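Heads up: the structure comes next, in structure tokens.
Where a number appears in this text, it was derived from the coordinates with a stated rule and is not lab data. Since this is a predicted model, take the numbers as computed values, not measurements. Cβ: placed from backbone, ideal geometry, glycine included. Neighbour counts: every protein chain shown.
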């Protein structure tokens, strides 16, 4: 570590300390300060650490969390950033937190959630290091920012180009993601996927990749899971899904907080339980499993780790606001929201209220039209069967009214709607019902709402 | 009375910004008033050229599919679609669908891409993209201006026989220069407004529906309880108007 980078680290740590004293848990400012003084500080900090980058549209945070669960259970030390700090500043910030005053970082692994557009700024510093990159999937996300899915794919390619020796862990079921295996020059790549499709999988109408990326012919599917994910193939040019190294072979049962599955690793079958809620999280469990294999864990260790995974901040996080508690669920884009809809359709009863919250700040997406690509109709049919007089649908956020319209046109009973934009009074209202509530919130609603919940109940502390 | 038939053209490609919400909204508002309604998704390939619809809806899409889309348009649908427009079928076209009805599109490299030529407009690529909430006035939405969201890089210019759909109050509109937004020609309603457009602009939705229903001898529509829709409109206007 040179003098300049050592000084940069000190300045960054000093900034973090000041922020801490001021009671502000900001995550990016220390990184900003450090980078100002020494732009290539990250490479110096990461020199002796194995780096695992996780990028893709959905599941980054849950996958990182699952990876850290697994590596810490096996005795390794790590540092990690976390949601909201997944750009260069945040990544630098988390290295600095872990660094000594002289800029040494004594950790085995860095598990880094990387925003798709920021990946290249991050991997640029990791040339020549031991790097693994996980790409979870590519869906439409915050369109006002990235334009379209191919732009996202291109950004990830640029990020991968900086680390040509990296090991890639790719979602086999995503035709966009798996195309990376051919479009970049990396020799080591492993695929993960789900070999059994799901019934009731989302209709192709909302698919984000209908036409073959190579020849623009419509894909066909042997089976499908969510959106455009599945066992795809192109009849015209022959582009098709790669055989996964790690796969779900069969789902025996979905429970509210886990799934009993048969998994295969390199052709060998194992029964296990993946302790993450919702069918969509199976992919995140698989991504963690494949990282486990690439860092040298044996099959049995990986399989048993699946039973001990936990969910991160705001991802089906249980909070004891009422006797029955409430569940916080973050939604960021149509694909993720549709997965939440599938979960609610399977598990919601007449005894559950639901709060929907939507903002249109830049971190939420300034264009709220995406809620019309979410299949509320599916949930509405289910609700009509199970609802009772007590059930209420709460709405909040700057654009809560837009959500009310969306649900009305999906067939929900507007008599059960209740809009309240004041988080404090809303929390008191929900507390007074004593009922179990699913709270489905966009990003900035989640952050602010959770803070207000913290005034009423004790919350788990998360790095964010 | 016959079923009201809505055609969702290129539903699986021009589906980028929740525009399908317009189809959901038209269908629901017809059904709530007792009109039996049928939505037909019409995508690539051959189809029955004698097909007639009361409303044809065309949404916005991403650039990747534009090539295959224009190919299909000229191979199978251009003659049919022009004829429908000339015969007075109601067409609601948003963003990419709007541009596609025009004469041509000039790319940033100066290439001229031929479009349908059903409405006398043309579009020229520009930079930076025009993104954000848009508010525009049109008598079709009653007393209230329309609240929507625009996201386009093309600047559209109207020809002589085409009038704008509205006047920009906030935002860019057709080209960010002449204050016009969207286009009206025969029974074509074209706009850059996503959001989607119709759910929180129920009066505009009903104006379009009524235009289509005239062919069935319907001259007015019963009122609906639009409190939820109007609350969303007022909220958006309050934030961005």
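Descriptive notes on the structure:
- Distance between region B:27-63 and region A:115-135 - C-alpha centres, whole angstrom: 46
- Extent along the principal axes, Cα only, for chain B: 50, 45, 31 Å, with the longest axis given first.
- Value in Å of the Kirkwood radius, where region B:140-232 supplies the Cα pairs that are averaged: 14.3
- Cα gyration tensor shape for region B:1-112, rounded if a/c is under 1.5, else prolate or oblate: prolate
- Within the protein assembly as shown, DSSP assigns beta bridges of which about 45% are antiparallel (rounded to the nearest 5).
- Ratio of Rg to Rh over region A:315-453 (Cα coordinates, Kirkwood Rh, two decimals): 0.92
- Burial ordering of B:239, A:403, fewest other beta-carbon atoms within 10 Å first: B:239, A:403
- Extended-chain gain in nm, criterion 0.36 nm per residue less alpha-carbon gap, residue A:182 and residue A:310: 42.7 nm
- DSSP-defined antiparallel bridges as percent of all bridges, region B:1-155, nearest 5: 40
- Averaged over the residues of B:14-22, the number of partner chain Cβ atoms lying within 10 Å of the residue Cβ comes to 6.
- Each principal axis of the Cα cloud of region A:241-397 was taken in turn, and the coordinate range along them, longest first, works out to 50, 34, 30 Å.
- Computed over region A:19-178, Kirkwood Rh from alpha-carbon pairs, angstrom: 16.0
- Residues residue A:345 and residue A:458, FRET efficiency given R0 of 41 Å [Cβ-Cβ distance, rounded to 0.05]: 0.85
- As computed over chain A, the Cα convex hull volume per residue (Å³): 136
- Alpha-carbon centroids, region B:185-241 and region A:228-295: separation in whole Å: 45
- Residue order for B:104, B:192, A:423, fewest other beta carbons within 10 angstrom first, comes to B:104, A:423, B:192.
- Sorted largest first, the principal axis extents computed over the alpha-carbon atoms of region A:176-317 equal 43, 35, 29 Å.
- Shape parameters for region B:45-100, alpha-carbon atoms, Rg then Dmax in Å: 11.5, 32
- Label-point gap, in nm, between residue B:239 and residue B:227 - each point 7 angstrom along Cα→Cβ: 2.2
- The ranking of B:206, A:130, B:220 from fewest to most other beta carbons within 10 Å of each one's beta carbon is B:220, A:130, B:206.
- Extension gain for residue A:448 to residue A:381 (0.36 nm times residue separation, less C-alpha to C-alpha distance): 21.0 nm.
- In this label model, residue A:255 and residue A:324 are separated by 2.0 nm, measuring between points 7 Å along each Cα→Cβ vector.
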